[in-house]
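This report concerns only the one structure given below.
Just so it is clear, none of the values below were taken in a lab; they were calculated from the coordinates. These numbers were taken from a predicted model, which means no experiment stands behind them. Virtual Cβ from ideal backbone geometry, glycine too; neighbours counted across all protein chains shown.
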Amino acid sequence: MFVKDRMNKNTISVNENTTLAKTLALMKESKHKRLPVTDDGGRPVGVANRYEIEAVGTSGLVLSGTKIRDIMSARFFKVNENTLLEDCALVMKDNKVAFLPVVDNDNVLSGVITSFDVLKGLMRLIDISGEGCRMMVNSPDAAGIASIVGRGGNIRSIFIDDGVTVVKFYAQNASEIKDRVNSQYDVIYFVEK
């Protein structure tokens, strides 16, 4: 799954020459805490943070006379829309950010993605919600486990984490499949919805 599949494409952004007053008004109206700041070509040059604007002061003179480029965070992280969602999650984790501007191949802003967008995408990727069976097997042999489960069930997702294989599948005879897997491996968790 790519970032472009989960990002918000209806992005609100501000030009670097926008005043703090206009930026703050836009943030309040749209209920956003952060906005990407772009140059005249639509390329991200920073991130505006509502709390930083409010910290500057509430003086009308300051808010109307100062440009967002003067207080924006010029040190920011971004991802390309063709970045894998998993890699986007790593960028967020490694840099302790919950919001990233997304750019196209020409470095033009094409959207934004939040940690919540990434979480929803990863949940969908591993099919964590919905009906079906979930089985955890104390073995990294995903191919062998998939072979057994696949003979009687429809595998929705399978992945390995710390030597444990997690399988999400649908089957009429789910308990029988669990027993077949358990005869060759150690099933440590099984739930049927």
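Of the trypsin sites (Lys or Arg not before Pro) in the range 1-97, the ones in a loop by DSSP (not H, G, I, E or B) with at most 16 other beta carbons within 10 Å are Lys9, Lys31, Lys33, Arg75, Lys96. For a quick check, take a GNM of the chain with Cα springs below 10 Å and name the residue from Asp94, Asp162, Asp40 with the largest mean-square fluctuation. Maximum fluctuation in the GNM of the chain, among the listed residues, is at Asp162. Within the range 3-122, DSSP assigns beta bridges of which about 75% are antiparallel (rounded to the nearest 5).
Restricting the GluC sites (Glu not before Pro) of the range 90-193 to loop positions (DSSP other than H, G, I, E, B) with no more than 13 neighbouring Cβ atoms within 10 Å leaves Glu131.
For the range 49-193, with only Lys/Arg (+1) and Asp/Glu (-1) charged at the beta-carbon, what is the dipole magnitude about the Cα centre, in debye rounded to 20? Write out the running numbers ahead of the final one.
Working: 16 positive and 19 negative charges, 48 e Å.
Roughly 240 debye for the range 49-193.
The mean sequence separation of alpha-carbon pairs under 8 Å and at least six residues apart, normalised by the residue count of the range 127-192, gives a relative contact order of 45 percent. The range 171-193 and the range 1-43 have their alpha-carbon centroids 48 Å apart. Pairs Lys28/Lys96; Lys93/Lys168; Lys9/Lys33; Lys9/Lys120; Lys33/Lys96: which exceed 21 Å Cα-Cα? Distance filter (> 21 Å) returns Lys28/Lys96; Lys93/Lys168. Along the charge dipole of the range 127-192, Cβ charges K/R +1 and D/E -1, which of Phe159, Ala171, Val181 sits furthest on the positive end? Final value for the positive-end residue is Ala171.
Our helix-only sum for the chain, with -39,500 (n - 2.57) per DSSP H run of n ≥ 4 divided by its residues, gives a mean residue ellipticity at 222 nm of -10000 deg cm²/dmol. Relative contact order for the chain: 19 percent, from Cα pairs under 8 Å spaced at least 6 residues apart, divided by residue count. All C-alpha pair distances within the range 127-192, sorted into 5 Å bins from zero, spread as 4, 21, 37, 27, 10, 1 percent across the bins. Of the residues Cys88, Thr19, Pro36, the one whose Cα sits farthest toward the positive end of the charge dipole of the range 1-104, with +1 on the Cβ of Lys and Arg and -1 on the Cβ of Asp and Glu, is Thr19.
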